[in-house]
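Student: Supplied in C-alpha cells, the structure appears directly below.
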Amino acid sequence: MKVVLFVSLSLFLTTISCGIYSFTGGNTGDAKTIQIDYFPNNAPLIEPGLSQTFTQALQDLFVRQTNLSLIKSKGDLFFEGEVTNYSITPMTATADQTAAENRLTIVINVRFYNNLDEAKNFERKFTHFYDYPANDILSGSSLDAALEEIFERITQDIFNASVANW
C-alpha cells in the first residue's frame, strides 16, 4: 500500500512540477493563441515558393510543439518578418580554379511580439546554410531537401529564441 501511495504521489508531483512547460522545452506562459504572418521574400535573388514554404514550416513547428491555437489576427504571440537573403556562393575550389562546393544561405528577419509580456519582444535575423557539390543543380528534389534542412534549423532557432528562452 505504501509503495502504491509513494508512486502515485511521485507521479502527481512530477506532473505538477512541469507546470506550463512542454516536453519540447517551450514555455508559452499564459498564451493561448499564435499568429504567424506570411514572410515575403525581399531577397535580391527570388526563389519561387520560398516564402510560402518557410511560413508553413514555422506554423507547423509551433502547432506541433505547443498547445497554442493558430489564428489569423490578434494572437497572444505574433510573428512577422521577411526573407532578406537567398544566396549561392562558391565555398571550395578545385585545382583548375572551379568551384568544388557551393553554399546556399538563407537569412530571415523575424519580429516577435509577446502581447502578454512585452519584455520578450525581439527583432532578430536567423540564418542557416546548406553545402552541396558544385556540379549538382539545386532544383527539384535537391532544392526541396536543402530548404527542408535550412528551414528545420531556422524554425527551431526561432522557437528556441521565442518560447524556449534560449
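Student: Using only the alpha carbons of the stretch 34-107, what is the convex hull's orientation-averaged projected area in square nanometres?
Tutor: Working: hull surface 25.2 nm².
For the stretch 34-107, the mean projected area of the Cα convex hull comes to 6.3 nm².
Student: ALA119 versus ASN42, label points 7 Å from Cα toward the beta carbon: distance in nm?
Tutor: 3.0
Student: Using a 1.4 Å probe and ignoring any ligands, DNA or RNA, find the accessible area of LYS120 and quote it in Å² to the nearest 10.
Tutor: Accessible area of LYS120: about 80 Å².
Student: Here's another thing I want to ask about it. Using modelled backbone amide H atoms (1.01 Å from N, in-plane), which distant-in-sequence or interchain residues come within less than 5 Å of GLY75's amide H?
Tutor: GLN35
Student: Taking a probe of 1.4 Å, how large is the accessible area per residue of the stretch 45-166, in Å²? Working shown, then result.
Tutor: On the way: 6640 Å² over 122 residues.
Value for the stretch 45-166: 54 Å² per residue.
Student: Once you place label points 7 Å from the Cα toward the Cβ at ASN160 and ASP136, how far apart are they in nm?
Tutor: Going from the ASN160 label point to the ASP136 one covers 2.4 nm.
Student: Now, a different point. About its Cα centre, what dipole magnitude does the stretch 51-166 give when the only charges are +1 on Lys and Arg Cβ and -1 on Asp and Glu Cβ, stated in debye to the nearest 20? Each step should come with its number before you reach the end.
Tutor: Values: 9 positive and 16 negative charges, 85 e Å.
So the magnitude is around 400 debye.
Student: Considering the dipole of the stretch 110-160 built from charges on the beta carbon (Lys and Arg +1, Asp and Glu -1) around the Cα centre, which of PHE112, SER139, PHE129 is farthest to its positive end?
Tutor: In the stretch 110-160, that residue is PHE112.
Student: Where does each of 75-88, 32-45, 131-144 land if you order them by average Cβ count within 10 Å, highest first?
Tutor: Details: 75-88: 18.8, 32-45: 16.5, 131-144: 12.3.
Sorting 75-88, 32-45, 131-144 by mean packing, highest first, produces 75-88, 32-45, 131-144.
The values are calculated or read from the model by the stated rules, or taken from the named source; none is laboratory data. Here the structure is a predicted model, which means the values were calculated and not measured. Don't worry about glycine lacking a Cβ; one is built from the backbone with ideal geometry, like all the others, and counts go over all protein chains shown. Just the protein is used for accessible areas: all its heavy atoms, side chains included, with ligands, DNA and RNA removed. Shrake-Rupley method; radii C 1.70, N 1.55, O 1.52, S 1.80 Å.
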